Amino acid sequence: MAASTASDIKRLSDGPDWTFDLLGEYEHHIDRIAKNFRLDIYPNQIEVITAEQMMDAYASIGMPLNYSHWSFGKKFIQTEQQYRRGQMGLAYEIVINSNPCIAYLMEENTMTMQALVMAHACYGHNSFFKGNYLFKTWTDADSIIDYLVFAKNYIAKCEQKHGEKDVEDILDSCHALMNFGVDRYKRPQKISLQEERNRQKQREKYLQSQVNELWRTVPDNKSRATPQLVRFPSEPQENLLYFIEKNAPLLEPWQRELVRIVRKVSQYFYPQKQTQVMNEGWACFWHYHILTQLYDEGLVSDRFMMEFLHSHTSVVMQPEYNSPHYSGINPYALGFNMFMDIKRVCQNPTEEDRYYLPSIAGQDWLDTVHFAMQNFKDESFISQFLSPKLIRDFKLFAVEDDERNPFIRVSAIHDEPGYQAIKEKLSAQYNLSNNEPNIQVYNVDVRGDRTLTLRYVPQNGIPLAASKDEVMRHLHRLWKFDVRLEQQSADGEIEIIAKCGNKTRGA
Amino acid sequence: MAHFIDRRLNSKGKSTINRQRFLRRYKQQIKKAVSDAVGQRSVTDLESGEQVSIPTRDISEPVFHTGKGGQREAVHPGNDQFVTGDRIDRPPQGQGGPGDGEASNQGEGQDDFVFSISKDEYLDLLFDDLALPNLQKNQFDKVIDYETYRAGYQTDGVPSNLDIVRSLKGSVSRRIALTGKDKRRLRELEEELRALKADKHENTLAILELESEINALKAKIAKVPFIDTFDLRFKNYDKRPVPTSKAVMFCLMDVSGSMDQTTKDMAKRFYILLYLFLTRTYENVEVVYIRHHTQAKEVDEHEFFYSQETGGTIVSSALRLMDEIVAQRYRDANWNIYAAQASDGDNWADDSPFCKDLLLNSLLPVTRYFAYIEITERQHQSLWREYQTVEAATDNFVCKHVQSVSDIYPVFRELFARSEQTAQSGG
């Protein structure tokens, strides 16, 4: 850069209107800079869309295609209403974890915004999808679009064959249990469209035969001698949808396939929930670096930079707890500042940093941020890298809210004794197992009336919300025999808190 | 290297199917909201759709999530006053303060889910399963109107119907067809000629020969005319009969002292419904407002609904005025005439038989449908009894009794409910 003289720098037009040629030029430079920063990405497929198409994308949970379901229609109507009334701006972009990585740019964006969005989504998020261990383990970017095509067609076929109503009922019930359709520990298998089709038929038969085996009613003389000793499942199962897919006694093969589809989609989105802070932080960190570099190289004008900084600062702004705009910690703000802070600790560590973050203080910053991006999720990222300086900058404080007390208590603030506590508490706040209720399949009365029992183990005495009764009805629709939800309190006492059953059923 | 795709021209409305499914699923709730909204519209307001509001809890998608209570910890930014150990009293109504960081996002709010439906969707819901009686059997028997429509092209016609673009297309293709081979040959010869001329050797004879051949070809090509009668294409028009699409709706209302504003409002709702319903079958619907006490008068909408008169009641005056107006303006057989009469049932007793005669002899034979609603909480009087005999005698007259606002829509639905017979003939 230093070698290039003023004359061979060709400043890129800063719009405000963009053209495809200009997009290409910007992308070329962004790509060059990103490669210098060792961002490893899936090939980009950048699509320009209108506001209305953006709302469509919102409605189908950001995917370019999805099966038909009324809930997506509701989402669409909601988005449309809010947008029309000006209560909500649309996102500037949506990016999809697929290979090639599909990013949507809104037609209305100015050239500056398009550049920002390309750096943010096509290089930031894209490299995160490709590099982070959770995405590597849980999602298969190569096959997701194919799988959605398969799912959409399969569901459409089922609708023709079995009626929209029946399909909708099953999907409703699956959606209610969607958050419990995730394997937290097992690694999911990769799926491709071809395989999926080939295996689907076989699976239908096989699954049905397995279920039939489990529910065999022909008396078995040997087992009769020792009745009721078999426990099923032998260990509690956390993946409710998986359990239903494999074991629900009366589901038809196509219904099992629907359960499977919802489960797969849920699984695909699971890593995104666990890496929101990191993912957004990483993307902001890189759009900031890339565009700043463009400016340093003299490729973009001051005007471009002002517009960029204006949007950038409003994105990474953290309102304070007493601000009317406050709605929790802004993941963009926290993530961006944490990555910037990691860079600072690497480059200019203070004594404090050397004490609190000895492993990264003074290291190569680029190596360190890549390491952090690849090997952590929000929870561990915070507990590993949140520095006392950042806690002070954010003026973080922890509040303890115990329903047994008439007051809430400030349990830690941004001071020497509080750093560790704040770090732990903030980390816990991003721990999904703390946020989602712990409900597992506990028992099935295999030899009796086939009642399915779920067990809820409350954490810190937090009860389940009233929606549980409704969800139990959905569960009953899938299981088709009595379902029960019991709660195990801290002292080990078991109490049934919800049940749903068809008492009139003769079976 | 990134790959750019312009998707802006892709079809919109990817979510249409999901939206329709949503509407269908909540049809009951939406229908209720729609029928609640009927009373608040102007009689002729047709341009707008409707804001529909249904309770959020009806459309929630339940999931397992944690409720309030228990012990929670939350970290917040921007500490400006607290030190460890500070206690903050809870705000009176549950958790409102900074301790609410983990409040559920599952939409337990009581706000209604409000959205707009388009005009067509609104009317579809409003008139779901309703049909105009007697429509099928008389619709085509008095066809008078013809409409001219484009019916392709023909090779002959008057010059004003000449389609220039089409004709020139024909010209171009004919010329290509007739000269293509020669032109190709011409290019080859010219190529040869250039080669010969570039040649250093003497080729005069060969050149001369080539040149004469070229000239012959050029002449042949030039002979093909630019335009030929063969190329000409004329727009062709044809006529076809169209079913009439004109309707007039007579609104008759008693405005004597006994009709108060609430009664009129109820009548108004009925008129709105009828008007909206008619516009679904007919392209343009004219509305004639006739109000009466002892005398009848044609008025505009505002006066019809809002001016107050006193005095006795002679219903036949309105019927006679209607008859006159029909004779003057709607004699033409392609008018479909509908009438809706609203009254509290008061009439000068001697006038009622006269009304019956007027209806049976002059009005009902020319009207498609005549609806009478009586808005009263009292005993029926002579008019009702006379009208009942009319109802028994003909099939395009109905009378219904309405007691409160909430009766209007059900009564309307009852009047136009698609009967077995119309459903069959409609199919």
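Normalised radius of gyration (Cα atoms, divided by 2.2 N^0.38 Å) for chain A: 1.12. With the convex hull constructed from alpha-carbon coordinates only, the protein assembly as shown shows a mean projected area of 64.9 nm² over all directions. Counting Cβ atoms of other protein chains within 10 Å of each Cβ in A:52-59 and taking the mean gives 4.
Note on chain B: with a GNM built from Cα contacts shorter than 10 Å, the maximum mean-square fluctuation among B:SER317, B:SER11, B:SER171 falls on B:SER11.
Could you give the size of the charge dipole of chain B about its Cα centre, using +1 on the Cβ of each K and R and -1 on the Cβ of each D and E, expressed in debye and rounded to the nearest 20?
Values: 57 positive and 65 negative charges, 464 e Å.
Dipole magnitude for chain B comes out near 2220 debye.
Note on region B:225-274: Kirkwood radius taken over Cα pairs, Stokes-Einstein applied at 25 °C and 0.890 mPa s, translational D equal to 145 µm² s⁻¹.
Just to be sure I understand: of the beta bridges DSSP finds with both ends in chain A, what percent are antiparallel, rounded to 5? Could you put the intermediate results ahead of the total?
On the way: 21 of 32 bridges.
For chain A, the DSSP antiparallel bridge percentage is about 65.
Legend: calculated FRET efficiency, B:VAL158 to B:ASN334, from the Cβ-Cβ distance at R0 = 41 Å, rounded to 0.05, equals 0.85. Computed from the C-beta positions of B:ILE227 and A:ASP17, the FRET efficiency with R₀ = 56 Å rounds to 0.80. Computed on the Cα atoms alone, the convex hull of region A:310-376 gives a volume of 123 cubic angstrom per residue. For region A:317-434, the dipole from Cβ point charges (+1 on Lys and Arg, -1 on Asp and Glu) about the Cα centre works out to 120 debye, to the nearest 20. For chain A, the 222 nm mean residue ellipticity estimated from helices alone, with every DSSP H stretch of n ≥ 4 adding -39500 (n - 2.57) and the total spread over all residues, rounds to -16000 deg cm²/dmol. Note on region A:10-132: dipole from Cβ charges, positive end direction compared against A:PHE37, A:THR50, A:GLY24; the farthest Cα belongs to A:PHE37.
Tilt of helix B:27-37 relative to the longest C-alpha principal axis of chain B, in degrees (0 to 90, nearest 10)? Helix B:27-37 and the main axis of chain B meet at about 70 degrees. Relative to the longest principal axis of the Cα atoms of chain A, the long axis of helix A:276-296 lies at roughly 20 degrees.
Below 8 Å between Cα atoms, with a sequence gap of 6+, how large is the relative contact order for region A:437-500 in percent?
Values: 112 pairs, mean separation 19.9, N = 64.
Once normalised by length, the contact order is 31 percent.
Beyond 23 Å, what percent of the Cα pairs of region A:10-132 remain? For region A:10-132, the fraction of Cα-Cα distances above 23 Å is 36 percent. In terms of the mean number of neighbouring beta-carbon atoms within 10 Å, the peptides A:461-467, A:450-456 order highest first as A:450-456, A:461-467. In percent, rounded to a whole number, the relative contact order of chain B is 16, using alpha-carbon pairs under 8 Å and six or more apart. Placing unit charges on the Cβ atoms only, positive for Lys and Arg and negative for Asp and Glu, gives the protein assembly as shown a dipole magnitude near 3280 debye about its Cα centre. With a Förster radius of 51 Å applied to the C-beta separation of B:ASP89 and A:ASP183, the computed FRET efficiency comes to 0.70.
Counting only C-alpha contacts under 8 Å and six or more residues apart, can you give the relative contact order of region B:139-279 as a whole percent?
On the way: 114 pairs, mean separation 69.6, N = 141.
Taking the mean separation of contacting Cα pairs over the length of region B:139-279, I get 49 percent.
Taking label positions 7 Å along the Cα-Cβ direction at both B:ARG8 and A:ALA91, the computed distance is 2.2 nm, reported to one decimal.
In what sequence do B:LYS218, B:LYS197, A:LYS389 fall when counting other Cβ within 10 Å, fewest first?
Working: B:LYS218 13, B:LYS197 10, A:LYS389 19.
Least to most surrounded, the residues fall as B:LYS197, B:LYS218, A:LYS389.
Inter-label distance, A:ASP445 to B:TYR149: 6.8 nm, where each label sits 7 Å from its Cα along the C-beta direction.
First select every other residue whose beta carbon is under 12 angstrom from the beta carbon of A:ASP378; then total the charges, Lys and Arg +1, Asp and Glu -1. Write down the numbers at each step before the final one.
Details: positive: A:LYS273, A:LYS377; negative: A:GLU280, A:GLU379.
Combined, the nearby Lys, Arg, Asp and Glu give 0.
When each of A:HIS69, A:HIS476 is scored by the number of other beta-carbon atoms lying within 10 Å, the sequence from fewest to most is A:HIS476, A:HIS69. Once the Cα atoms are used to define both axes, helix A:302-315 deviates from the longest principal axis of chain A by about 30 degrees.
Extension gain, B:SER173-B:LYS218: 0.36 nm per intervening residue step, less the Cα-Cα distance, totals 14.3 nm.
So how much slack lies between A:ASN405 and A:GLU252, counting 0.36 nm per residue of separation and subtracting their Cα-Cα distance, in nm? Don't skip to the end; give the middle numbers.
Working: separation 153, 0.36 × 153 = 55.08 nm, distance 5.08 nm.
Taking 0.36 nm per residue and subtracting the Cα distance, the gain is 50.0 nm.
Note on A:LYS205 and A:ASP415: their simple-model spin labels are 7.3 nm apart, each label 7 Å out from Cα toward Cβ.
Computed over chain B, the per-residue total of -39500 (n - 2.57) for DSSP H runs of n ≥ 4 gives a 222 nm mean residue ellipticity of -13000 deg cm²/dmol, rounded to 500. Note on region B:159-236: Rg/Rh from Cα positions, Kirkwood definition for Rh, rounded to two decimals, is 1.25. Where a ≥ b ≥ c are the square roots of the eigenvalues of the C-alpha gyration tensor, would you call region B:246-426 rounded, which needs a/c under 1.5, or, failing that, prolate if a/b is larger than b/c, or oblate? Since a/c stays below 1.5, the shape of region B:246-426 is classed as rounded.
Every read-out reported here was derived from the displayed coordinates using simple, explicitly stated rules and does not represent laboratory data. Just so it is clear, the model here is predicted, and its values are computed rather than measured. Because the Cβ atoms are built from the backbone with ideal geometry, glycine has one as well, and the counts that use them run over all protein chains shown.
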